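Below is one structure, written out as structure tokens; comments come after it.
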Amino acid sequence: MSTLPESQTDNAYKQLRLGILRGDLQPGDRLRAADLQERFGLGLTPIREALTRLSGEGLVEAESHRGSRVSRVSLEELADLLEVRMDVEASCLRRSIARGDAAWEAEIIAAMHLLSKAPLPTGLHDRDVVVEWETCHRRFHFALVAACGSQWLLRFWNILTDQSERYRSIRLFRHAKSEAAVRDINGEHRAIMEAVLARDPNRAIELMREHLEATSTAVKNLMMTMESDT
């Protein structure tokens, strides 16, 4: 059975979306269709259609008579995002722990193994490392909630995780630290995994909240530093 070729609009949408989530296009960046055409080798019409789709997802802001820009970030939105993400995450985790089977457990273990082997980025020059780490990180977090049994919950989870990635990319790209100076991310992930596999939802949810709050605090501190420098 043959598959339909990907449309130019779908291609533009995927490339621009990845650029936003992974920090190639930073919050507040102006998105001029002609510039994007040259940068990504895409047609003007697919770019405009892709920007409309991304605006509907909250990743792009449309401005009257001024085109579009990457949606800006704020400390207020970050706090709101964390609370809503945690509410959805808790529901997904609790349901997955109750419903998950052996195959679900195996995927969590495999995703954790790959994430533990992915090197942590140490600065702006580590763009390829960032992409690899983010891919493994997303796979692990999704594996934890994948057995929740609700497509609506997973849809909301993906939207919230996309928005979280935008904030995390600020830290990954602008806050260079040696690997030894970074908190024990793999240790946090492993502890969450162990609580999930032990079928302890309260512990898993508590550890997940601590994990997300630690990341949010690091991003918040960086954003405050960036604001004070401007």
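The values are calculated or read from the model by the stated rules, or taken from the named source; none is laboratory data. Treat the numbers as computed from the prediction; the structure is a model and nothing was measured. Every residue, glycine as well, gets a Cβ built from its backbone with ideal geometry; the counts of neighbours run over all protein chains shown. To get the accessible areas, we keep the full protein, side chains included, count just its heavy atoms, and leave off ligands, DNA and RNA. Shrake-Rupley method; radii C 1.70, N 1.55, O 1.52, S 1.80 Å.
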May I ask you to list the residues in segment 60-73 that are open to solvent by 90 Å² or more (accessible area, probe 1.4 Å) and either in contact with a Lys or Arg (Cβ under 8 Å, 6 or more places away or on another chain) or of a type outside the set (S, T, Y) (or both)?
H65, R66, R72
Residue satisfying condition, being modelled with pLDDT under 90 and within 20 Å of I159 (Cβ to Cβ), within set G43, G19:
G19
Set E76, E49, E57: member being closer than 17 Å to G23 by Cα and open to solvent by 50 Å² or more (accessible area, probe 1.4 Å)
E57
Out of the residues in segment 25-39 meeting the condition of being open to solvent by 60 Å² or more (accessible area, probe 1.4 Å) and within 30 Å of V219 (Cβ to Cβ), tell me which one is modelled with the highest pLDDT.
R30
Just need a number here: residues in segment 185-227 that are surrounded by 13 or more Cβ atoms within 10 Å (Cβ to Cβ) and either touching a strand residue (DSSP E or B) at 6+ places or on another chain (Cβ under 7 Å) or hydroxyl-bearing (S, T, Y) (or both).
2
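Table: residues versus (1) open to solvent by less than 20 Å² (accessible area, probe 1.4 Å); (2) modelled with pLDDT of 70 or more; (3) part of a helix (DSSP H, G or I).
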{"residue": "R139", "(1), (2), (3)": "no, yes, yes"}
{"residue": "A143", "(1), (2), (3)": "yes, yes, yes"}
{"residue": "A147", "(1), (2), (3)": "no, yes, no"}
{"residue": "L154", "(1), (2), (3)": "yes, yes, yes"}
{"residue": "W157", "(1), (2), (3)": "yes, yes, yes"}
{"residue": "L160", "(1), (2), (3)": "no, yes, yes"}
{"residue": "R166", "(1), (2), (3)": "yes, yes, yes"}
{"residue": "A180", "(1), (2), (3)": "no, no, yes"}
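Residue-by-condition table, conditions (1) surrounded by fewer than 19 Cβ atoms within 10 Å (Cβ to Cβ); (2) closer than 16 Å to R168 by Cα; (3) in contact with a Gly (Cβ under 9 Å, 6 or more places away or on another chain):
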{"position": "A90", "(1), (2), (3)": "yes, no, no"}
{"position": "A111", "(1), (2), (3)": "no, no, no"}
{"position": "S116", "(1), (2), (3)": "yes, no, no"}
{"position": "L120", "(1), (2), (3)": "yes, yes, no"}
{"position": "V130", "(1), (2), (3)": "no, yes, yes"}
Among (1) closer than 18 Å to S164 by Cα; (2) open to solvent by less than 30 Å² (accessible area, probe 1.4 Å), where does L42 come up short?
(1)
